[in-house]
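Data block below; observations after.
The values are calculated or read from the model by the stated rules, or taken from the named source; none is laboratory data. Keep in mind that what you see is a predicted model, and the values were worked out from it rather than measured. Cβ atoms come from the backbone with ideal geometry, glycine included; neighbour counts cover every protein chain shown. Surface areas here come from the heavy atoms of the whole protein model, side chains and all, with no ligands, DNA or RNA. Shrake-Rupley method; radii C 1.70, N 1.55, O 1.52, S 1.80 Å.
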Amino acid sequence: MDAIHINWTKPYRVRTDAPYSVEDFELLTTILSALKWREKNGSIKMITDSVGKEYYEKIGLSKIWDGGIDTSLDHAPDNINPRIFWAAGKLLALKNQTAPVAVIDTDFIVWDSILFDKLPPVTSIHFEDLYDDVYPGPSYFKMKREYRFDPDWDWSLRACNTAFCVFKNREIIARYTDEAVRFMQSIREDVDDTLRYMVFAEQRLLPMCAQKMDLYFSSFSTLERLFAHGENYFTHTWGMKQQMRDIPALRYDFCKRCVNRILSDFPYMADTLKNIECLKQYL
């Protein structure tokens, strides 16, 4: 199955004046994510913008995506706030894809083959409980006067984590991304919440849209099983990133293990790793 990585660099660029870069641990999971997908499951491409493409080409990583690098996120709508909707690039990239397609975050690794034929129309990595401090009700959101939530949406449905999500139905891609873009373009200008609005658009809308379309929605795993042992299929570093920034020894150990795995499974990557300045210490 074809897959996509997404990297919209604009949220980074509005936060800092520094030249665009990716942290060492994120580069290493990106490499493993792309190469393991190609080894076990199919083709993969990167959807980014011109800044992202230039960066990956500069450090010599463009070859890890056999589907190439697509810069269509150069055309992201100006009326989507990149500070609030820092993951909007995923929704905008998905909007232009055909089905079937797998969406994989660059900090997510699928280690083995997926039995795609047995999957329902939509499958995400896991569901998430509706904690009020993350997933509030509709009255929380400050929307422009003309915006209306769909009255048929079921707000009791659990949200889904889309770090890894497989879509086998083109209609749900269209409905989900259309609704997400409509929502992101309709917030009031005084909104400064960088969590609840983003996770609503990315992770809560999808199950509600699928239910309205009467499409079966499933998950690969549960959060509890993933924390325990990753099912021996998956690695997701999202919850570990800040720890690695705060604890140098943890960061070094993780990066060293990633480098060793890359060199073991993909020895032809040795020269590439040697030429990336921030990775040299782990060789």
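Classify segment 16-173 from the C-alpha gyration tensor, please: rounded if a/c falls under 1.5, else prolate or oblate depending on whether a/b exceeds b/c.
Oblate is the answer for segment 16-173, as a/c is 1.5 or above yet b/c matches or exceeds a/b.
Once amide H atoms are placed 1.01 Å from N in the peptide plane, what residues at a sequence separation of 5 or more from M143, or on another chain, have their amide H within under 5 Å of its amide H?
The list, which skips near neighbours in sequence, is R188.
Leaving out ligands and nucleic acids, and using a 1.4 Å probe, what accessible area per residue does segment 112-216 come to in Å²?
Normalised by residue count, the accessible surface of segment 112-216 is 49 Å².
Using a 1.4 angstrom probe on the protein heavy atoms only, could you order T194, T237 from most to least accessible area?
From most accessible down to least: T194, T237.
Trypsin sites (Lys or Arg not before Pro) within segment 178-283: which are DSSP loop residues with at most 11 other Cβ atoms inside 10 Å?
Loop-located and lightly packed - R188.
Hey, which lysines would be in cross-link range of K212, C-alpha to C-alpha under 25 Å, not counting anything within fewer than 8 residues on its own chain?
Excluding near neighbours in sequence, the set is K90, K95, K118, K142, K144, K168.
Can you give me the angle between helix 50-59 and the longest principal axis of the chain, using Cα atoms only, in degrees from 0 to 90, rounded to the nearest 10?
So the inclination is approximately 20 degrees.
Step through the residues of segment 5-13 one at a time and calculate ³J(HN,Hα) from phi using the Karplus curve (6.51 cos²θ - 1.76 cosθ + 1.60, θ = phi - 60°), rounding each to whole Hz and writing x for Gly and Pro.
Couplings: 9, 9, 9, 8, 7, 4, x, 5, 6 Hz.
To the nearest 500 deg cm²/dmol, what mean residue ellipticity at 222 nm is calculated for the chain from DSSP H runs of n ≥ 4 alone, each contributing -39,500 (n - 2.57), summed and divided by the residues?
Numbers: 11 runs with 104 residues, N = 283.
Per the formula, -10500 deg cm²/dmol.
Note down the relative contact order for segment 20-121 as a percent, whole number, built from C-alpha pairs under 8 angstrom at least six residues apart.
37 percent
Among residues other than M143 whose Cβ falls under 12 Å from its Cβ, what is the net charge (Lys/Arg +1, Asp/Glu -1)?
In short, +3.
At 10 °C and 1.306 mPa s, grab the translational diffusion coefficient of segment 150-283 from Stokes-Einstein with a Kirkwood Rh over Cα pairs, rounded to a whole number in µm² per second.
It comes out at roughly 87 µm²/s.
Can you tell me the accessible area per residue over segment 10-63, all protein chains present, probe 1.4 angstrom, in square angstrom?
Per-residue value: 42 Å².
Of the heavy-atom accessible surface of the chain (probe 1.4 angstrom), what whole percent is carbon and sulfur?
In the chain, the share of accessible area belonging to carbon and sulfur is 47 percent.
Going by alpha carbons, how many degrees (0 to 90, nearest 10) lie between the helix axis of 248-265 and the longest principal axis of the chain?
So the inclination is approximately 70 degrees.
Can you give me the long-range amide H partners of Y233? Hydrogens built in the peptide plane at 1.01 Å from N, cutoff under 5 Å, separation of 5 or more residues or another chain.
For Y233, no residues qualify.
Counting only the backbone N, which residues of segment 249-282 are under 13 Å from the spot 7 Å out from the Cα of K58 toward its beta-carbon?
277-278
What's the Cα-based Rg to Rh of segment 15-105, Rh via Kirkwood?
Working: Rg = 13.6 Å, Rh = 14.3 Å.
Using Cα coordinates only, the ratio equals 0.95.
Please list, in order along segment 133-140, the HN-Hα scalar couplings obtained from phi with the Karplus expression 6.51 cos²θ - 1.76 cosθ + 1.60 (θ = phi - 60°), rounded to whole Hz, x for Gly and Pro.
Values, residue by residue: 6, 10, 10, x, x, x, 5, 5 Hz.
Taking the Cβ of Q203 as the center, what net charge do the other residues with Cβ under 11 Å away carry, scoring Lys and Arg +1 and Asp and Glu -1?
Details: positive: K90, R158, R196, R204; negative: E128, E202.
Once all neighbours under 11 Å are counted, the net charge is +2.
Could you check the spin-label model distance between S113 and M213? Points 7 Å from the Cα along Cα→Cβ, value in nm.
So the label points at S113 and M213 sit 2.8 nm apart.
Give a residue-ordered list of calculated ³J(HN,Hα) values for segment 120-127 (Karplus: 6.51 cos²θ - 1.76 cosθ + 1.60, θ = phi - 60°; whole Hz; x for Gly, Pro).
x, x, 9, 9, 9, 5, 6, 8
Over segment 45-186, what is the mean sequence separation of C-alpha contacts under 8 Å (at least six apart), divided by residue count, expressed as relative contact order in percent?
Worked out over segment 45-186, it gives 30 percent.
Taking a spot 7 Å from the Cα of R158 along the direction of its beta carbon, which residues of segment 109-148 have an amide N less than 17 Å from it?
Under 17 Å, as judged by backbone N against the label point of R158, lie 120, 122-136 of segment 109-148.
Looking only at the chain, where both bridge partners belong to it, what percent of the DSSP beta bridges are antiparallel (to the nearest 5)?
Antiparallel bridges: around 55 percent, rounded to the nearest 5.
Are there trypsin sites (Lys or Arg not before Pro) in segment 1-85 that DSSP marks as loop and that have at most 14 other Cβ atoms within 10 Å, and which are they? Numbers along the way, then the final one.
Numbers: sites: R13, R15, K36, R38, K40, K45, K53, K58, K63, R83; in loops: R83.
Passing both the DSSP loop test and the Cβ count: R83.
So between T194 and R83, what do we pick up on full extension, going 0.36 nm a residue minus the alpha carbon distance?
Stretched out fully, the T194 to R83 stretch lengthens by 39.3 nm.
Under the rule of at least 5 residues apart or a separate chain, name every residue whose amide H is placed under 5 Å from the amide H of I44.
Long-range HN contacts for I44: A3, D66, G67.
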